[in-house]
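Shown next, in structure tokens, is the structure this report addresses.
Computed from the coordinates by the stated procedures, all read-outs in this text should not be read as laboratory data. Small disclaimer: the values here were computed from a predicted structure and weren't measured. Cβ sites come from the backbone with ideal geometry, for glycine too, and all protein chains shown count toward neighbours.
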């Protein structure tokens, strides 16, 4: 079976020099504490509609104790969250949706291909497929560890109506 082509030629970018650290990511992504699933952003190119971010996996990640005991494997749902946060950062930083907050709208064609464990760096590539302002963004994503494709798929991001959400939460 032929090797899958990556969204970005990783040999063409500096994987050791982030262009955005956690403080910069926090300007665009609302997740905090255990749910922060990005360590840094390495590259973005608006003309090509691509970005590359990463998550350094450590023994301190919230899931390591229970998934699986004595054999910690990054849960697929957490890999997807990391990929979604990379796409969200890129879309929000470049105001592609016109929303205060971007949320999950759906996933398609998701495949898990290689394990991710503590000590790994999950390099996440996202490519914008479609942006409909105030409606939806669609991005293709890939996650790579040690040169191996670990996860891939397509995700949809939708605007989160923050004011409506806050009002609903206050009424409970």
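Descriptive notes on the structure:
- If you go through region 3-34 and keep only what is surrounded by 15 or more Cβ atoms within 10 Å (Cβ to Cβ) and in a loop (DSSP other than H, G, I, E, B), you end up with 6, 7, 8, 13, 18, 19, 28, 29, 30, 31.
- Of the residues making up region 47-67, those that are closer than 19 Å to residue 139 by Cβ and touching a strand residue (DSSP E or B) at 6+ places or on another chain (Cβ under 9 Å) are 48, 49, 50, 51, 52, 53, 54, 55.
- Residue count, region 99-115 (criterion: more than 21 Å from residue 148 (Cα to Cα) and part of a loop (DSSP other than H, G, I, E, B)): 3
- Hits in region 131-172 (condition: under 12 Å from residue 83 (Cα atoms) and in a loop (DSSP other than H, G, I, E, B)): none
- Residue 84 falls short of the stated requirement of being touching a residue at least 24 places away in the same chain (Cβ under 8 Å), in a strand (DSSP E or B) and surrounded by 15 or more Cβ atoms within 10 Å (Cβ to Cβ).
- Scan region 36-55 for residues that are under 14 Å from residue 84 (Cβ atoms) and part of a loop (DSSP other than H, G, I, E, B) and the total you get is 3.
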